[in-house]
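Working notes, beginning with the structure itself.
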Amino acid sequence: MSEKTIAFFPEAAFGPALNSVGIAQACEQIGHKVVFLTDPGMVGVYQSYGFIEYTVNMSEPMSPEEMSKYWSEFINGHIPNFDLSPFQQIDNYVKECWEAIVETAIWAQKDLPSILDKIQPDLVCIDNVILFPAIKTFAEAHEIPWVRIISCSENEISDPDIPPHLSGCPENDKACFAKYDEKFLDVISPIHQKFNDFLICNGEKPYPPGQFFETSPHLNLLLYPEAVKFQRRHQLDPLIFQYLEGCVREEAPYDIPEFGRSEHPLLYVSFGSLGAGDTSLIRRLISVISRLPVRALFNVGDYRDQYPESEIPENVHIDSWYPQPSVIEQVDVVIHHGGNNSFNECLYFGKPALIMPYVWDGHDNAQRIAETKHGLQLHRKHWSDDELAQCIDRLLGDTTINANLQATSRLMQKQHGSSKAARLINALLG
């Protein structure tokens, strides 16, 4: 087999980024060269795993200080919206995100053609929710395949019988589907029109209302595992749609630190880089957990300096980052926000999770983990100390949840999604 060059272009967020790392690692292991296209805000992430990076400006260039201020203001401005329902978030968080996402596609078009010409990839993998015309144009001109990775909830690929993406609707609540879709299409309409104008200017056909991306004619990889996937009216063609049963990257081993109550169950608490900004929620969780017969590892992201050591209880350990797959494998319960990496890693290792969602597909994943009896969900704000304790106790002892998790874990580990993805990509490369 001759070495081919594969370019990965994930969304500028840690969920898609680290999922792509897992697939990229598997592609390297079978002899291919892998490079990453990255937003400036993610520079260094892929390099830390040994990959070459090419920077693509996806917004007006900012200094590190300006970037830090932007994200701080974005997070602080939206923390009140984190308490809202998915339907209520359409007018604020969802709208602002789609405005920003469209801008990233427009900005990326300035750099992508020349970067692709420089790299000359044999295949491009895109993990995003929006089309970058330059990639499709390059692929068609050079007769190479491109792959779409769906690392968010599988309802990113829509179907009349499954909940709309980001809605958090129960799987059979058609009234919820209709209400969300109507509101979403109304609010998003001017943003969608701007994107369609951009597509037309770059030789692409406009998309139907509400659609910002298309499926690849070559291969589409969905992370959702078999045990939690939806029942669709229109089945996806297995020749170009493949479920990976999750995709867990390889991380460095992690030694659990020694801290109080070593005989008690171990929790891992993480709300992702965005959720770490809600320090009041994390402090509340630390306070409650300090009084429970458990130990806990808390991922506090870039806010480590806001938690003085003198205020950390003896049964709690905090850090700005953990090698998450290596940690989840060793804990008893996970509390997280519903991000797709955390969602899939818990299922992969058979660990019960309490999902406290706040935005995006966290709502869909929280609903799905509860209705398939693989875990529990809880509103991120409206809970009592006793309710949290009861959820943890139930996750530690619920025989149905833990039996489901063990069965799902065995299937996922047997399939090994990143290796499966690499085999499928390799087949496309001939």
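The values are calculated or read from the model by the stated rules, or taken from the named source; none is laboratory data. Quick caveat, the model's predicted, so the values are computed rather than measured. Virtual Cβ from ideal backbone geometry, glycine too; neighbours counted across all protein chains shown.
See the values below:
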item	result
Counted residues, the stretch 133-155 - those being among the acidic types (Asp, Glu) and assigned to a loop (DSSP other than H, G, I, E, B)	1
Residue within the stretch 156-169 that is outside the structural domain of Gln377 (by TED's automatic domain parsing), part of a loop (DSSP other than H, G, I, E, B), surrounded by 17 or more Cβ atoms within 10 Å (Cβ to Cβ) and on the phi > 0 side of the Ramachandran plot present	yes
Qualifying helices (runs of 4 or more DSSP H) (wholly inside the stretch 64-132; at least 1 residues being over 19 Å from Ala13 (Cα atoms), more than 19 Å from the chain's Cα centre (by Cα) and of a type in the set (Phe, Trp, Tyr))	86-89
Residue in the stretch 204-227 that is β-branched (Val, Ile, Thr) and either over 18 Å from His165 (Cβ atoms) or not in a loop (DSSP other than H, G, I, E, B) (or both) present	no
Checklist (1) touching a residue at least 60 places away in the same chain (Cβ under 8 Å); (2) closer than 20 Å to Leu281 by Cβ applied to Thr372, failing item	(2)
Residue within the stretch 357-371 that is in a strand (DSSP E or B), at negative phi, surrounded by 24 or more Cβ atoms within 10 Å (Cβ to Cβ) and among the aliphatic types (A, V, I, L, M) present	no
Conditions (1) out of contact with any Asp or Glu (no Cβ under 8 Å at 6 or more places or on another chain); (2) among the β-branched types (Val, Ile, Thr); (3) farther than 21 Å from Glu171 by Cβ: number failed by Ile369	(3)
Subset of the stretch 295-328 (residues that are in a loop (DSSP other than H, G, I, E, B), β-branched (Val, Ile, Thr) and buried (at least 20 other Cβ atoms within 10 Å of the Cβ))	Val300
Pairs where the first residue, in the stretch 307-319, is assigned by TED's automatic domain parsing to the domain that holds Val331 and farther than 17 Å from Val288 by Cα and the second is assigned to a loop (DSSP other than H, G, I, E, B) and of a type in the set (Val, Ile, Thr), C-beta under 9 Å, 6+ apart	Asp319/Val300
Hits in the stretch 25-72 (condition: modelled with pLDDT of 95 or more and of a type in the set (Lys, Arg))	Lys33
Asn344 being part of a helix (DSSP H, G or I), touching a His at 6+ places or on another chain (Cβ under 6 Å) and under 22 Å from Glu154 (Cα atoms)	no
First in the stretch 111-123 and closer than 20 Å to Ser2 by Cβ, second anywhere and among the basic types (Lys, Arg), Cβ under 8 Å, 6 or more apart	Asp122/Lys4; Leu123/Lys4
Checking Ile335 against (1) buried (at least 18 other Cβ atoms within 10 Å of the Cβ); (2) more than 17 Å from Gly272 (Cα to Cα), the condition it does not meet	(2)
So Lys381, is it closer than 28 Å to Leu285 by Cβ and modelled with pLDDT of 95 or more	no
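Each row is one residue, and each column tells you yes or no for (1) touching a residue at least 60 places away in the same chain (Cβ under 8 Å); (2) touching a helix residue (DSSP H, G or I) at 6+ places or on another chain (Cβ under 7 Å).
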residue	(1), (2)
Phe213	yes, no
Tyr224	yes, yes
Pro253	yes, yes
Arg261	no, no
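Every residue, every condition in (1) in contact (Cβ under 8 Å) with a residue 24 or more places away in the chain; (2) in contact with a Ser or Thr (Cβ under 8 Å, 6 or more places away or on another chain); (3) of a type in the set (A, V, I, L, M, F, W, C); (4) buried (at least 19 other Cβ atoms within 10 Å of the Cβ), yes or no:
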position: Lys33; (1), (2), (3), (4): yes, yes, no, no
position: Ile52; (1), (2), (3), (4): no, no, yes, no
position: Asn57; (1), (2), (3), (4): yes, no, no, no
position: Glu60; (1), (2), (3), (4): yes, no, no, no
position: Gly77; (1), (2), (3), (4): no, no, no, no
position: Asp91; (1), (2), (3), (4): yes, no, no, no
